[in-house]
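The values are calculated or read from the model by the stated rules, or taken from the named source; none is laboratory data. Quick caveat: nothing in here was measured; it's all calculated off a predicted structure. A quick note on method: Cβ atoms are made from the backbone with ideal geometry, for glycine too, and the neighbour counts reach across all protein chains shown. SASA here: full protein model, heavy atoms, side chains in, ligands and nucleic acids out. Shrake-Rupley method; radii C 1.70, N 1.55, O 1.52, S 1.80 Å.
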Amino acid sequence: MDESQVRLVDLQVSIRPTPLSVEAAEFLRDGRERFKRVNCFDFVPSNYENAWSVLDQLSRGTLCEWGSGLGIVVGLAEYLGYDACGIEIDPELAEVSRSFLREHGLKASITTGSYLDESPVADNYYVYSWPGQIESVESRFLEISPPEGRLLICYGQDALRCMTRSKQRGGCCQHPS
């Protein structure tokens with residue numbers, strides 16, 4: 001089928017209170033303490049409890065966080081059993097996040113670069129997108145993700161959607177089962 005007919009559709013996930021493991025809660029507390037030391041003009045933290053809740057509902061596999069900041073979502077994903085990595089455009093922030101992950105004994109890697117230019121193929125992608133970049137983010141996901149890949153995209157701090165691709169037929173979306 002023609003790629004132009006591929007669209008994103010929402011997967012049903014709920015954002016519900018899900019207890020963090022002791023290690024993940026300590027990691028998150030430590031990460032939040034570091035916010036005031038972040039010297040990056042466009043750093044906006046995610047709602048990490050929402051990210052944990054949604055990631056906990058999905059089948060485990062690989063996760064790449066686009067614009068990984070301090071690496072908190074990457075670390076939380078690893079605590080949940082994902083093979084996680086991140087991409088951060090700010091070199092200083094990427095280095096801080098690598099150190100932070102290592103301090104907590106995590107193996108996740110952080111690459112310095114732009115996810116719009118480079119990204120590993122993963123089962124899941126997580127991004128807190130700037131409103132003006134949402135179309136580029138969705139296009140990039142459709143360009144590189146595997147057929148069953150999922151895009152977890154924040155439309156603001158508390159609005160997290162989980163999406164996957166679906167092909168349109170006859171003007172009606174075929175939602176994944």
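Using only alpha carbons, segment 85-173 has a radius of gyration to Kirkwood radius ratio (Rg to Rh) of 1.03. Have a look at the DSSP beta bridges in the chain and tell me what percent are antiparallel, nearest 5. If I count the DSSP bridges inside the chain, around 40 percent turn out antiparallel. Backbone N atoms of segment 74-95 closer than 19 Å to the 7 Å Cα→Cβ label point of Arg60 belong to residues 74-86. Set the Förster radius R0 to 30 Å, insert the Cβ-Cβ distance between Asp30 and Glu148 as r into 1/(1 + (r/R0)^6), and round the FRET efficiency to 0.05. Approximately 0.35, to the nearest 0.05. Where (i) 0.97; (ii) 0.93; (iii) 1.06 are the candidate values, the label of the one calculated here for Rg/Rh (Cα atoms, Kirkwood Rh) is (i).
Taking the protein heavy atoms of the chain in the context of the full set of protein chains, the accessible area attributed to carbon and sulfur is 49 percent at 1.4 Å. Local charge for Leu80 was computed over the other residues whose Cβ lies under 10 Å away, with Lys and Arg +1 and Asp and Glu -1, and equals -1.
Positive-end ranking of Gly113, Trp130, Ser97 along the dipole of segment 93-145, with charges on Cβ about the Cα centre, is headed by Ser97. For segment 1-96, the gyration tensor built on C-alpha atoms gives an oblate shape. Its axis ratio a/c (a ≥ b ≥ c) is at least 1.5, and a/b is not larger than b/c. Using the 1.4 Å probe convention, the accessible area of the chain works out to 51 Å² per residue with neighbouring protein chains retained. Applying the Karplus relation 6.51 cos²θ - 1.76 cosθ + 1.60 with θ = phi - 60° to segment 102-113 yields 3J(HN,Hα) values of 4, 4, 9, x, 8, 9, 4, 10, 10, 9, 8, x Hz, where x marks Gly and Pro. For Ala84, the residues whose modelled amide H falls within less than 5 Å of its own, excluding neighbours fewer than 5 places apart on the same chain, are Leu63.
In this simple spin-label approximation, Arg161 and Val121 carry label points 7 Å from Cα along the Cα→Cβ vector, and these lie 2.6 nm apart.
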